[in-house]
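The values are calculated or read from the model by the stated rules, or taken from the named source; none is laboratory data. Nothing here was measured: the structure is a model prediction, and the numbers come from that model. FYI the Cβ positions are ideal-geometry reconstructions off the backbone, even for glycines, and counts take in every protein chain you see. Protein only, heavy atoms only, side chains kept; ligands, DNA and RNA dropped before computing areas. Shrake-Rupley method; radii C 1.70, N 1.55, O 1.52, S 1.80 Å.
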Amino acid sequence: MLLKRLKATHFKTYLQLDIDLNVEPDRPIVLIGGENGGGKTTFFEAIYGALYGLSIPNAKVFRELVNAGIPTPDEAKIGLEVHFSGKVLNEEQQYVLSRTYMLNAEHKPVESVRLNMNGSIFQYGTATPLAQRAEQEAQVAKIIKANLPKELSRYFLFDAMEAGNLLKEDQLNRVIRENIENVMGFNKYLQLAKAAQSLFESHTAQRLAVEQEKKEYLGLVEQKKELDKKLQNARTRQQEALQYALSHRELYENLKNGLNQEVQIKNRIQQFEQQIEGINKKETQYRNDIEAFAKGLEAHVFLPKLAESLKTEVSLILKSKNEVEHQQKGFLSKEQIQEVSVKIVEYLLSNHLSNKDLTAQELARHLLQHNGSNNAQDPYYFLEIAEIKALENLIQGTYMNPFPSLTQQQVELNIAVGQITSLKGQIETLKAQISGKDYNLLKMYEDNQSLAKRLEGEIIEYEKEIERISKRIAQFDIQVSEEPDPKYEALKKLRPFFEDVANQLLKSKKQQLEVTMKQDLNLNLAAYRDVIERVELSEDLRDLSFKLYHKAGNEIYLNQLNTASKQVVVQVLLKALHEYGDYDPPVMIDTVMGVLDKTSRSTILENYFPQVSHQTILLSSDSEITKETDLAKIESFVAKTYTLKRDKENQRTEVVAGYF
């Protein structure tokens with residue numbers, strides 16, 4: 001990939017930017033200077049945004065990105081365009097990728113993307129139909145990924161000040177893994193391993209589904225057994241209750257007949273029982289009302305909301321329809337004129353009038369010419385009468401939400417239900433007064449009657465549940481015996497096999513990486529120049545590690561390096577990955593010297609920047625790469641030099657040729 005040109009319009013500090021980035025094979029460096037706040041980082045962001053797009057969630061963010069010197073930012077258009085070339089199947093392709101951002105009439109950010117690949121155009125935008133946009137967007141993303149995937153861009157387009165953060169253990173391992181998996185030439189084996197894993201997981205899911213089905217079947221069988229036991233137990237207890245009632249019925253009746261209590265106590269008991277019954281009825285009614293509310297949720301809640309939100313639009317439709325209907329009054333339709341014409345001609349001919357050459361078509365044309373003109377335009381001609389009536393009923397309908405009433409009903413019912421225990425206690429007290437010392441016998445008999453009735457209901461429920469489970473069991477076709485699955489066993493071995501192949505290839509590649517990094521570190525890492533004995537990459541993709549060793553034999557721990565040394569280590573690592581990878585992206589470095597000391601700067605200038613890539617864009621201040629001494633060290637490798645100059649009065653940055 002080779003960046004050739006960058007254009008930016010109304011983007012942050014740039015009102016207009018058009019810069020040539022072409023380099024030569026023996027001059028791979030583009031050196032861009034600028035003071036702090038002059039637009040170096042914005043230049044970096046412009047290239048990144050042109051390739052991968054800007055994130056503009058709302059109008060506020062859009063205005064923040066528009067050049068501050070524009071008096072009407074809401075009317076501005078942010079434009080980013082990058083020209084680049086790249087090889088596809090060993091053929092050079094020329095690309096022009098442009099992105100435009102603006103606010104629409106509703107003050108919402110919209111995007112338009114256009115990619116020209118050797119004359120083939122791929123284009124989409126916010127307003128593009130979803131299916132078409134997805135297709136075009138996928139093509140553009142595929143082309144960008146083929147040149148420099150977004151997930152790898154941060155390792156080739158980076159801020160040197162932040163380079164040390166990549167040396168954190170998790171970050172570094174991810175850098176190595178992403179580059180090795182994507183650019184070291186054996187990604188296909190990892191993909192095969194992933195595919196094998198996917199098949200293994202799919203087959204495992206099928207086995208689990210069968211196991212789950214078997215488990216469900218056995219669970220139903222066990223559940224049926226438990227229900228059979230409960231049913232038998234309920235029948236036995238019911239039989240005992242009925243026998244008890246039969247043997248004690250005469251005694252119970254005698255006790256009941258011998259009761260001689262005051263009518264007032266009996267009436268009081270009756271009142272309490274009626275009160276409990278009333279509470280139970282209210283509870284039943286409340287449950288029915290809740291069920292009715294749930295079934296009519298659409299009419300109670302959704303339709304009123306829909307009517308409210310569409311009221312204005314539907315009113316406009318009805319008004320327009322009424323106006324058109326009013327304007328059309330007094331005029332016959334074409335079909336009506338045609339029908340009348342036929343009847344008139346038939347009448348004239350049947351009465352032997354002289355003009356027998358008259359036709360229905362001629363008469364219809366004559367009537368149409370004298371019927372008057374109807375210029376009423378109906379913008380809603382596509383709506384049927386039934387649809388218009390439905391819309392009218394929607395906004396004119398009377399809606400009532402019973403939820404508040406149900407809520408109040410619930411509150412009252414909760415209070416009433418809480419009183420049932422107290423009412424029953426009072427009933428028991430009154431019954432004790434009536435039956436005296438024989439009350440316990442009466443209560444035992446009544447409890448036995450209640451038990452018999454409850455058991456009768458349980459028996460019915462058990463029988464229904466057993467019938468339901470029996471039908472469910474009959475639907476299964478389960479092979480209970482265990483059989484070996486050769487396919488499953490083979491899939492279990494495939495993923496480790498492909499991973500082992502990938503690891504073996506890693507072993508063959510890693511020696512090149514280790515040798516190259518050792519040479520570059522001994523040359524560029526000032527703190528350990530010429531004392532690094534070896535660089536060691538692990539041989540297992542699942543547990544990647546990266547270590548340095550001193551000639552004395554001890555490990556040089558990465559987390560103990562100072563910030564400047566960490567920056568050098570990361571840059572050397574990325575250079576090696578760049579050299580042996582399948583991707584060939586440019587390298588862009590902001591704040592090129594980062595935190596390097598004087599010695600490290602000189603080494604990086606002379607030995608690193610000229611060799612790191614076929615195209616290296618350096619964004620530097622005059623204190624990093626000085627014009628007086630540092631520029632001469634890389635001048636023979638520099639293809640183009642520019643300086644970003646900030647116009648503070650007009651709040652914009654201009655690009656001029658030459659380095660400061």
Open item on the list: Against the conditions (1) surrounded by fewer than 18 Cβ atoms within 10 Å (Cβ to Cβ); (2) under 24 Å from Leu574 (Cα atoms), where does Thr629 fall short? Just the number, please.
Closed with: (2)
Open item on the list: Every residue in region 56-65 that is in contact with a helix residue (DSSP H, G or I) (Cβ under 7 Å, 6 or more places away or on another chain) and open to solvent by 60 Å² or more (accessible area, probe 1.4 Å), please.
Closed with: Arg63
Open item on the list: Anything in region 466-488 that is part of a helix (DSSP H, G or I) and modelled with pLDDT of 70 or more? List them, or say none.
Closed with: Ile466, Glu467, Arg468, Ile469, Ser470, Lys471, Arg472, Ile473, Ala474, Pro486
Open item on the list: Could you list, ordered by first residue, the pairs with Cβ atoms under 7 Å in which the first is in region 66-77 and open to solvent by 30 Å² or more (accessible area, probe 1.4 Å) and the second is of a type in the set (A, V, I, L, M, F, W, C) and not in a loop (DSSP other than H, G, I, E, B), at least 6 apart or interchain?
Closed with: Gly69/Leu15; Pro73/Val66; Asp74/Leu103; Lys77/Met102
- [ ] Just need a number here: residues in region 543-573 that are under 27 Å from Asn147 (Cβ atoms) and surrounded by fewer than 21 Cβ atoms within 10 Å (Cβ to Cβ).
- [x] 2
- [ ] Go through the residues of region 579-588 one by one and say whether even a single one is of a type in the set (Ser, Thr, Tyr) and closer than 24 Å to Arg529 by Cβ.
- [x] yes
Open item on the list: Against the definition (open to solvent by 40 Å² or more (accessible area, probe 1.4 Å), at pLDDT below 75 and over 25 Å from Leu605 (Cα atoms)), how does Lys507 come out, yes or no?
Closed with: yes
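Listed here are the residues, each with its yes/no results for (1) within 19 Å of Pro28 (Cα to Cα); (2) open to solvent by less than 80 Å² (accessible area, probe 1.4 Å); (3) in a loop (DSSP other than H, G, I, E, B).
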{"position": "Leu618", "(1), (2), (3)": "yes, yes, no"}
{"position": "Lys633", "(1), (2), (3)": "yes, yes, no"}
{"position": "Ala639", "(1), (2), (3)": "yes, yes, no"}
{"position": "Tyr642", "(1), (2), (3)": "yes, yes, no"}
{"position": "Arg646", "(1), (2), (3)": "no, no, no"}
{"position": "Asn650", "(1), (2), (3)": "no, yes, yes"}
{"position": "Glu654", "(1), (2), (3)": "no, no, no"}
{"position": "Tyr659", "(1), (2), (3)": "yes, yes, yes"}
Open item on the list: Name the residue that is modelled with the lowest pLDDT, counting only residues in region 510-550 that are within 44 Å of the chain's Cα centre (by Cα) and small (Gly, Ala, Ser).
Closed with: Ser545
TODO: Find the residue count for region 79-108, including only residues that are of a type outside the set (Ser, Thr, Tyr) and touching a Leu at 6+ places or on another chain (Cβ under 6 Å).
DONE: 4
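Listed here are the residues, each with its yes/no results for (1) in a loop (DSSP other than H, G, I, E, B); (2) at pLDDT 70 or above.
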| position | (1), (2) |
| --- | --- |
| Gly372 | yes, no |
| Gln409 | no, yes |
| Ser422 | no, yes |
| Lys437 | no, no |
TODO: Those residues that are aliphatic (A, V, I, L, M), part of a strand (DSSP E or B) and open to solvent by 20 Å² or more (accessible area, probe 1.4 Å), I need them from region 1-47; list them, please.
DONE: Leu2, Leu15
- [ ] Residue by residue through region 115-133, note down the ones that are closer than 19 Å to Thr100 by Cβ and assigned to a helix (DSSP H, G or I).
- [x] Gln132, Arg133
- [ ] Just one of (1) under 27 Å from the mean Cα position of the chain (by Cα); (2) closer than 30 Å to Lys627 by Cα trips up Ser55, so point out which.
- [x] (2)
